[in-house]
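Below is one structure, written out as structure tokens, with a few remarks after it.
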Ligand code: PHE
């Protein structure tokens, strides 16, 4: 079976694919919104500290397990231990991570469907045509465009690791970056943008020790690095043994945090520009419009108010958002797909179609029962499941596996690992500090 497994063809290919998974709606929406509601620059500082101090070690746990095992999540966790009880536990955590990956995909694809519908509307706008149903919320529209998004995700995953995931990331990630930089540069020249910059960058230091802020920053950091669902584990399983794991992991973390910070330089000033133009940026309850509504409620009138340039800016914005959602969703779908391929005899395309269709059904159920289900699934997965499963991945690597095996794995592609700073810190850090801090934050968030 192992010969049939795919592999990333180069370090760049892996870093772009893993960064593609990490950079997503969490960076472009989640991060800027959280910054605004959590003390501006203070949140940025706490976030960066937690991303490197806590999320990076947890990312390393997934990459090490993945590359060592060269297998899907369930098999990979199995391979770490010999005895019966540990293997049962591995099975439970493995299956749980696959369910959580699928559930995250189920709501992610709905938001991505909205983005595709607005992208289609922006394209029509360019030709002075319009189809109001594209931007009016309806069950039918949501089903069609969410379905379309699944179709794109399934096609890429069906092509496999190198021809699908790696190739698409190599095209989409640079395109995403160019669009992001161009849009940020443009928005920063507009009147009112500097007010947004001030909100974004000036830290309210009194918030630095606020437990609520720390919990949000931690959840954001884990979600943003695609942790706790096996996505990074499975990408790690396609990484060559010649690569230096701690350094590729650091590159991905750096890439992800930088894009989050850059996205904030676009989104927060854009909201301020909208406010400057007299457009409404506050919801009915007086709070600042946050989350998806920024894109669907605040920005369209802003683009419209920009005249002809606005047509292009709107198009670029929805293209950018759709692209970043797609490079993340393929990594979510790969989690169940890799299990199906390796545990049954189905082909990759069949596994991709089957898993994609099953998760689409979950999305369809959420679309049908939007109010009770949408927020519930988001909270359940991002706030509770992701940190918990990450915690177990850390425990598997450091408590249930031998320290020597972990070292041997890291030494592949990094012969001097044993004397490195990474090896001096990471083993005890991932063994004691990470689990402890995750539990502390988790308890806080449950009783918050
Ligand atoms: N990291 C992605 C984001 O920031 C979300 C994601 C979560 C992707 C889990 C894959 C797996 O939007």
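What follows draws every value from the coordinates through simple rules; no lab data is involved. Since the structure is predicted, the reported quantities are computational estimates derived from the model, not experimental observations. Please note: Cβ atoms are built from the backbone with ideal geometry, for glycine as well, and neighbour counts cover all protein chains shown.
The per residue volume of the convex hull around the alpha-carbon atoms of the chain is 140 Å³. Over the Cα atoms of segment 214-345, the radius of gyration divided by the Kirkwood radius equals 1.08; this is the Rg/Rh ratio. Dividing the C-alpha radius of gyration of segment 354-425 by 2.2 N^0.38 Å, with N its residue count, gives 1.78. Each peptide in 34-40, 63-69, 227-233, 409-415 was scored by the mean count of other Cβ atoms within 10 Å over its residues; highest first, the order is 227-233, 63-69, 34-40, 409-415.
The alpha-carbon atoms of segment 240-284, seen along their principal axes, cover 56, 19, 12 angstrom, with the largest extent given first. For the peptides 272-280, 255-263, the ranking by packing is 255-263, 272-280, with the highest mean count of neighbouring Cβ atoms within 10 Å listed first. If you model segment 148-283 as an ellipsoid using its alpha carbon gyration tensor, with each semi-axis the square root of five times an eigenvalue, the axes come out at 33, 21, 15 Å, biggest first.
Here the mean projected area of the convex hull built on the C-alpha positions of segment 391-448 is 4.3 nm².
The value of relative contact order for segment 1-152, using C-alpha pairs under 8 Å at least six residues apart, is 13 percent. Relative to the longest principal axis of the C-alpha atoms of the chain, give the angle of the C-alpha long axis of helix 139-158, reported between 0 and 90° and rounded to the nearest 10°. For helix 139-158, the angle is close to 40 degrees. Site pair residue 412 and residue 285 shows an inter-label distance of 5.0 nm when each label is modelled 7 Å from Cα along Cα→Cβ.
Against the chain, whose longest principal axis comes from its Cα atoms, helix 11-22 is set at around 60 degrees. Calculated translational diffusion coefficient of segment 1-84 (20 °C, 1.002 mPa s; Stokes-Einstein with Kirkwood radius over alpha-carbon pairs) equals 137 µm²/s.
When both segment 7-50 and segment 106-183 are represented by their alpha-carbon centers, they are found 20 Å apart.
Sorting the segments 390-397, 427-434 by their mean number of nearby beta carbons within 10 angstrom, highest to lowest, gives 390-397, 427-434.
For segment 423-444 versus segment 340-416, the inter-centroid distance based on Cα atoms is 20 Å. Going by the alpha-carbon gyration tensor, a ≥ b ≥ c the square roots of its eigenvalues, is segment 107-202 rounded (a/c under 1.5) or, if a/c is not under 1.5, prolate (a/b greater than b/c) versus oblate? Oblate, because a/c is 1.5 or more while a/b does not exceed b/c. Judged by the ratio a/c of the largest to the smallest principal axis of the C-alpha gyration tensor, segment 47-100 counts as prolate, that ratio being 1.5 or greater while a/b is larger than b/c. Taking the longest Cα principal axis of the chain as reference, the axis of helix 348-368 is set at about 50 degrees.
Calculated mean residue ellipticity, 222 nm, the chain: -23000 deg cm²/dmol, from DSSP H runs (n ≥ 4) at -39500 (n - 2.57) each, averaged per residue and rounded to 500.
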